[in-house]
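A.B. asks: Here's a structure for you.
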Amino acid sequence: MTVDRIAMNGSIKKPHFVLVPLFAQGHMIPMIDLARLLAHRGVLVTVVTTPANTARFKAIVDRANVSGLLIRFAEFRFPSTEVGLPEGCENADLISSLESLDLMTNFFDALSMLREPLLRYLREVKPDPSCLVSDSCMPWTVHVAREVGVPRFVFHGPSCFFLLASRNASRVKPADPLETIVVPDFPHELEVVKVQALRFFEFPGWEKLFGEVAEAEETADGLVINTFEELEAVYLERYSKALDKKIWAVGPVCLANKDASEKLLRGNKTSVDDKYVLSWLDAKNPNSVIYVSFGTLARNSSSHLVEVGLGLVAANQAFIWVIKEAELTPAVQTWLEEFEERTRAMGLIVRGWAPQVLILSHPSVGGFMTHSGWNSTLEAVAAGLPMATWPHFADQFLNEKLVVEVLRTGIAVKARMLAVYRTHECEGLITREDVEAAVRMVMKGGEEGEERRKRAKELGEKAKRAMEEGGSSHESLTLMIQHVLELANNTTDHPSSAIRKLIDG
Ligand code: UDP
């Protein structure tokens, strides 16, 4: 369907969605995917950004524009220097590389300073905005939407499993945060280490933002979540009831990237020649390579990197291993040169940014060792791949639980990791033996491994079906657009059925 027909109808306003992402790659990437999905339905989309963030997404948006999609940036200067951040420090991945994580609060202060410029922009912009879709971590948009008089939807990056479990777990407050608790009112028995089930910003020093984020969710006109009904139906239903809100499950949004060039342009500029990576993979057998990557914010200490590398070698496993620039200390560089030389026949090391979705969708890739960030998890689900999970912080521990205990498409690298940590300051959390065992289980694993792979494949099929026309997520996005149109247009003049008829074409 396309809502262009609605615009042509004249009397019904063309929808104009304003997306406000959190400037962190794990949040911006799915928001840009969502922008493209909306634009494919004929919605005009404006994405709020800043110069350094525009630079990261310009190529994929330019490509979308060339193919006729109406997506534009509303770019604002980022007030880095006003809050004591280095000039150009406009994305959370750069803050994670700074000496002190305390600067993260300054980053959020700077984000909230975009409130006035955005408000001024939205008062002037034509066509009038129909709604804001803002990241759950951007609570200052509450006032913007209210003052402009448009509905506001909260976009959640993490899984609904995490949202529900951490919300319910917040009622249990053991004296020792390392205590294992049972999550109350959960659809099934779920045991978690308390400190591994915290909501976003639920830690000392962040009380103000925590309260604002909760309030922004409570007062939202609905929630948009990057997940799909067939994966999380029971959690979606419970969460919707708990908040008494509509939820639209519109994912996995990574499936908006259909051809190789879209997959390649998604996110940062890649640090490797994609043709080389693809021909390297082409030369391998189906399901024979493990892809190893830990997202954009987690930082592994040099000793942990060594354990990962030696574990892969011990498992005699072909691999593509992504090591972030921020992890490439001189000591790691030196070790890596020797390691790379030794493992040239079996592995490919990417220093920096890899085209993850492109790699995961190659038939030679048979497994993913991941930090269990929700995007990476969903990308593995969409590619039908089993996972070896090594969560580092935030929602990652609960995402691991979903994958390992509920979906049973993954193996934990460490069964009970009693920690939550700033990774590069930690040592000894996993060993090469842990890595070797998990890799063997995920890539082979005998009959149990076969069953796991089969489940992962079936889930991948369901994910694809959800995003196709008539699928649950496709329908959910239709309903969301319809809802916005009904709010923007007088439903007495234009009853729901007429709007729906136009959307369906
Ligand atoms: N990503 C990528 N190449 C890389 C590293 C990350 O394309 O080298 C993408 C990945 O596909 C995912 C996002 O960055 O879409 C990371 O999000 P996730 O939620 O997995 O983890 P986070 O970085 O937020 O911890």
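Throughout, read-outs are computed from the coordinates displayed, never taken from laboratory work. Computed from a predicted structure; not experimentally measured. Reconstructed Cβ throughout: ideal geometry from the backbone, glycine too, with neighbour counts over all protein chains shown.
A.B. asks: Before we move on, is VAL403 near the ligand (Cβ under 8 Å from one of its atoms) and either touching a Gly at 6+ places or on another chain (Cβ under 8 Å) or outside any strand (DSSP E or B) (or both)? Step through it out loud before you land on a result.
C.D. replies: Working: near the ligand (Cβ under 8 Å from one of its atoms): no; either touching a Gly at 6+ places or on another chain (Cβ under 8 Å) or outside any strand (DSSP E or B) (or both): yes.
No, not satisfied.
A.B. asks: Can you tell me which condition LYS263 does not meet? The list is (1) out of contact with any strand residue (DSSP E or B) (no Cβ under 7 Å at 6 or more places or on another chain); (2) under 28 Å from MET467 (Cβ atoms); (3) assigned to a loop (DSSP other than H, G, I, E, B); (4) basic (Lys, Arg), and all the others hold.
C.D. replies: (3)
A.B. asks: Right, next: Within region 283-290, identify whether any single residue is hydrophobic (A, V, I, L, M, F, W, C) and surrounded by fewer than 21 Cβ atoms within 10 Å (Cβ to Cβ), and answer yes or no. Talk me through it step by step, then tell me what you get.
C.D. replies: Step one: list which residues in region 283-290 are hydrophobic (A, V, I, L, M, F, W, C), which gives 283, 289-290.
Next, from what is left, pick out any that are surrounded by fewer than 21 Cβ atoms within 10 Å (Cβ to Cβ): 283.
Yes - at least one qualifying residue is present in region 283-290.
A.B. asks: Looking only at region 277-288, decide whether some residue is polar (S, T, N, Q), within 14 Å of the ligand (Cβ to nearest atom) and in contact with a strand residue (DSSP E or B) (Cβ under 6 Å, 6 or more places away or on another chain).
C.D. replies: no
A.B. asks: Right, something else. Which residue out of ILE71, ILE29 is more than 21 Å from LYS126 (Cα to Cα), crowded, with 20+ Cβ neighbours inside 10 Å and in contact (Cβ under 8 Å) with a residue 24 or more places away in the chain? Talk me through it step by step, then tell me what you get.
C.D. replies: Working: ILE71 fails: more than 21 Å from LYS126 (Cα to Cα).
Of ILE71, ILE29, the one residue that is more than 21 Å from LYS126 (Cα to Cα), crowded, with 20+ Cβ neighbours inside 10 Å and in contact (Cβ under 8 Å) with a residue 24 or more places away in the chain is ILE29.
A.B. asks: Condition check: away from the ligand (no atom under 16 Å from the Cβ), farther than 19 Å from THR370 by Cα and either hydrophobic (A, V, I, L, M, F, W, C) or buried (at least 19 other Cβ atoms within 10 Å of the Cβ) (or both). Does PHE200 satisfy that?
C.D. replies: Numbers: away from the ligand (no atom under 16 Å from the Cβ): no; farther than 19 Å from THR370 by Cα: yes; either hydrophobic (A, V, I, L, M, F, W, C) or buried (at least 19 other Cβ atoms within 10 Å of the Cβ) (or both): yes.
Criteria not met by PHE200.
A.B. asks: Restrict the check to region 147-167 and report whether at least one residue is out of contact with any Gly (no Cβ under 7 Å at 6 or more places or on another chain), of a type outside the set (A, V, I, L, M), over 23 Å from LYS241 (Cβ atoms) and crowded, with 21+ Cβ neighbours inside 10 Å.
C.D. replies: No, the conditions are met nowhere in region 147-167.
A.B. asks: State the number of residues belonging to region 26-42 that are within 13 Å of GLY295 (Cα to Cα) and either more than 15 Å from the ligand (Cβ to nearest atom) or of a type in the set (D, E, K, R) (or both).
C.D. replies: Looking only at that region, the number is 0.
A.B. asks: Oh, and also: Is it the case that region 278-294 has a residue that's in a loop (DSSP other than H, G, I, E, B) and within 26 Å of MET31 (Cα to Cα)? Outline the logic, then answer.
C.D. replies: Taking region 278-294 and keeping what is in a loop (DSSP other than H, G, I, E, B), we get 283-288, 294.
So of that shortlist, the ones also within 26 Å of MET31 (Cα to Cα) come out as 294.
Scanning region 278-294 turns up at least one residue that is in a loop (DSSP other than H, G, I, E, B) and within 26 Å of MET31 (Cα to Cα).
A.B. asks: When you scan region 13-25, how many residues do you find that are assigned to a loop (DSSP other than H, G, I, E, B) and within 16 Å of the ligand (Cβ to nearest atom)?
C.D. replies: Total satisfying the criteria: 4.
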